[in-house]
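Read the structure below first, then the notes.
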Amino acid sequence: MKYLKDAICDEVPCSAGIVGPFSNAFFLIGTQEMTRLFFKNPEAVHKLCEISLQTCIEYAKVIINLGLTPTISEPLGSCTIISPKHFGKFCLQYLRRLVEFINSKGKATVIHICGKTEKIWNDIGEMASIGVVGFSMDNIVSLAECKKTIGDKMRMLGNVDPSNVMYAGTSKEIRGCCY
């Protein structure tokens, strides 16, 4: 990250990604075990998310101390993976606390959540008040519908097919997808 900062951060904004606390907790024990704990031992899920949050905060400190802006990716917070109820119960509070920490250091952030997110857009929009300036969405959701829900609160990013366009597309195809 230091090399990035030294090389180009005077010319363009530079950021560094953080895997969100909820997704990071999944990585500690695996998807199947984590979702089983939602029902068998919810307190264990909270303990894992708390440990994960502290790790995320330590990493955010490094990013911020280098002068970069943290961005948060919370892929397993997607309603493609979990229900909106579980997002609210297990993911949102830890995501909010990470955003609040980043904001307390004078930085705003962007959040990316893959997959279906329509049912949690209001939760995402409410985080504008604590320092989320943008929401990066997957290409499978409607940009127009998202704009109706949170477009007056934060910027919206993404919504371009990562495989067929960004990876396999031509420069012309990629530019054609940008609004």
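Max-minus-min Cα coordinates of the range 1-74 on each principal axis give 50, 18, 14 Å, with the largest extent listed first. Per-residue 3J(HN,Hα) values for the range 121-129, derived from phi via the Karplus relation 6.51 cos²θ - 1.76 cosθ + 1.60 with θ = phi - 60°, read 4, 4, 4, 5, x, 5, 6, 4, 5 Hz in sequence order (x marks Gly and Pro). Measuring between alpha carbons in the structure, the pairs from Lys116/Lys172; Lys89/Lys119; Lys47/Lys85; Lys85/Lys105; Lys40/Lys85 lying more than 21 angstrom apart are Lys116/Lys172; Lys85/Lys105.
When 1/r is averaged over all different Cα pairs and the result inverted, which Kirkwood radius in Å belongs to the range 76-128?
Values: mean 1/r = 0.0871 Å⁻¹.
After inverting the mean inverse Cα-Cα distance, the result is 11.5 Å.
Counting only DSSP beta bridges with both residues in the chain, the antiparallel share comes to about 0 percent.
For Met156, Met137, Met34, Met1, which order do you get if you count the other beta carbons within 10 Å of each Cβ and list the fewest first?
Working: Met156 18, Met137 26, Met34 22, Met1 14.
The most exposed by this proxy come first: Met1, Met156, Met34, Met137.
Backbone amide hydrogens, once placed in the peptide plane, bring Gly151 within less than 5 Å of nothing, excluding anything fewer than 5 places away on its chain. Using θ = phi - 60° in the Karplus curve 6.51 cos²θ - 1.76 cosθ + 1.60, the 3J(HN,Hα) couplings for the range 95-110 round to 5, 4, 5, 5, 4, 4, 4, 4, 5, 5, 9, x, 10, 9, 8, 10 Hz; x is entered for Gly and Pro. Panel order for Glu100, Glu118, by other beta carbons found within 10 Å of each beta carbon, from fewest to most: Glu100, Glu118. Looking at the square roots a ≥ b ≥ c of the eigenvalues of the Cα gyration tensor of the range 127-179, which shape do they give, rounded for a/c under 1.5, prolate if a/b is larger than b/c, or oblate? The shape class here is prolate. Taken about its Cα centre, the range 26-150 carries a charge dipole of roughly 100 debye when the Cβ of each Lys and Arg holds +1 and the Cβ of each Asp and Glu holds -1.
Working note: Karplus 6.51/-1.76/1.60 with θ = phi - 60° gives the range 57-67 the couplings 5, 4, 5, 4, 4, 4, 4, 5, 5, 7, x Hz, where Gly and Pro are set to x.
Toward the positive end of the charge dipole of the chain, with +1 on the Cβ of Lys and Arg and -1 on the Cβ of Asp and Glu, the farthest Cα among Leu95, Met166, Val110 is that of Leu95. For the chain, a Gaussian network of Cα nodes joined below 10 Å ranks Ala128, Ala44, Ala25 by mean-square fluctuation, and the top entry is Ala44. All alpha carbon pair distances within the chain were sorted into 10 Å bins beginning at 0; the resulting P(r) in whole percents reads 9, 34, 36, 18, 2, 0.
For Ser73, the residues whose modelled amide H falls within less than 5 Å of its own, excluding neighbours fewer than 5 places apart on the same chain, are Ile18, Val19, Gly20, His112.
Under a no-solvent Debye model with one identical scatterer per Cα of the range 77-173, what's log10 I(q)/I(0) at q = 0.14, 0.17 Å⁻¹? Cα-only, vacuum Debye calculation for the range 77-173: -0.54, -0.76.
Which order results if Cys178, Cys114, Cys91, Cys79 are arranged by neighbouring Cβ count within 10 Å, fewest first? Don't jump to the answer; show the numbers that get you there.
Values: Cys178 6, Cys114 22, Cys91 26, Cys79 18.
Lowest to highest Cβ neighbour count: Cys178, Cys79, Cys114, Cys91.
FYI, it's all coordinate maths here, none of it is from the lab. Note that the structure is predicted; figures quoted are calculated from it, not measured. Here Cβ is always computed from backbone atoms with ideal geometry, including for glycine, and neighbour counts include all displayed protein chains.
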